[in-house]
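What follows is a set of notes on a single structure, which appears directly below.
The values are calculated or read from the model by the stated rules, or taken from the named source; none is laboratory data. Please read these numbers as outputs of a predicted model, since none were measured by experiment. Backbone-built Cβ (ideal geometry, glycine too); neighbour counts: all protein chains shown. Just so you know, the surface numbers come from the protein's heavy atoms only, side chains and all, with ligands and any DNA or RNA stripped out. Shrake-Rupley method; radii C 1.70, N 1.55, O 1.52, S 1.80 Å.
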Amino acid sequence: MQHIKEEKTFVLIKPDGVKKGLIGEVIRRFEQRDLKVVALEMFQPTRQMIDEHYPKDQVWKERLGNKTLSTYEKYALDPVASLGTAEPLALGEMVREWLVNYMTSAPLVRMVVQGVHAVDMVRKIAGPTLPYAADMGTIRGDFSVDSPAVANAEKRAVANILHASETAAEAEHEIKHWFGDKKPHVYKRYGEDLS
Ligand code: ADP
């Protein structure tokens, strides 16, 4: 069984993270909390790679669509007037297509981050999906103010700096998808021997 200090999660720095010059800042925030980068690479993804990364099931697409709907409701915007539908599934499918366009618009940085509760810690450091709702102090809250209200009107996905796995099972699946059989590096950070 995996040691508790060796939990791994998968992180992708998205096009806006790369283009805003935030690669170092993102990594710094992980390392600051004693999380360890054990695999790291910049690469240009294909549409197929991104298409296979995001789920295709109806529940996931409806969840995406509902994020649009809840933002539109909160700010009294009309989804039918701006997007032609208020159906969560139709909206989700639209957003998924924009997501593939967005994620292939620049090189990305993929990495595996390891440490105690790495999956939850990285999500906490990243902040929630929609930057306008993310607290200051999180990466998304500190470096973006994007929202479906503006992104959807511009026919694009919400730009939120990075992707991070949501569960341990998703992390395992995504590490396999993005790194294949490549093994993460094994090393000790200064201080690790003292524990
Ligand atoms: P997370 O990336 O935080 O796990 P999701 O899996 O729900 O979030 O969504 C995947 C990505 O799709 C988000 O990171 C964001 O870039 C984009 N996105 C999510 N909801 C919307 C939306 N309503 N409109 C546009 N883009 C969205």
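In table form, for the structure just shown:
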{"read-out": "Accessible area in square angstrom per residue, the range 96-195, 1.4 angstrom probe", "value": "51 Å²"}
{"read-out": "Accessible surface of the range 47-106, 1.4 Å probe, proportion on carbon and sulfur as whole %", "value": "55 percent"}
{"read-out": "For the chain, calculated [θ]222 nm from helices alone, where every DSSP H run of n ≥ 4 adds -39500 (n - 2.57)", "value": "-13000 deg cm²/dmol"}
{"read-out": "Helix axis angle, 58-74 relative to the chain longest principal axis, alpha carbon, degrees", "value": "70 degrees"}
{"read-out": "Candidate lysines - alpha carbon under 28 Å from residue 182, same-chain residues fewer than 8 apart omitted", "value": "5, 8, 14, 19, 36, 56, 124"}
{"read-out": "Options 3, 77, 165, ranked by Cα towards positive dipole end of the chain, top entry (Cβ charges)", "value": "3"}
{"read-out": "Separation of alpha-carbon centers, the range 1-76 and the range 113-156, rounded to whole Å", "value": "9 Å"}
{"read-out": "Alpha-carbon Rg with Dmax, taken over the range 86-139, Å", "value": "14.7, 41"}
{"read-out": "Sparsely packed GluC sites (Glu not before Pro) within the range 73-169, loop by DSSP, other Cβ within 10 Å at most 16", "value": "154, 166"}
{"read-out": "Lysines with Cα under 17 Å of residue 61, excluding same-chain neighbours fewer than 8 positions away", "value": "155"}
{"read-out": "Computed lengthening from residue 82 to residue 58, 0.36 nm per intervening residue step minus Cα-Cα distance", "value": "6.4 nm"}
{"read-out": "For the range 47-106, fraction of C-alpha pairs farther apart than 19 Å, in %", "value": "32 percent"}
{"read-out": "Cα shape, the range 1-151, gyration tensor, a/c 1.5 rule", "value": "prolate"}
{"read-out": "Size of electric dipole in the range 1-78: Cβ of Lys, Arg +1 and of Asp, Glu -1, about Cα centre, debye, nearest 20", "value": "180 debye"}
{"read-out": "Between helix 168-179 and the chain: long-axis angle, C-alpha atoms, 0 to 90°, nearest 10", "value": "80 degrees"}
{"read-out": "Exposure of residue 96 as accessible area (Å², to 10), given a probe of 1.4 Å and all protein chains", "value": "20 Å²"}
{"read-out": "Cα-centre dipole for the chain with unit charges at Cβ (Lys and Arg positive, Asp and Glu negative), debye to 20", "value": "440 debye"}
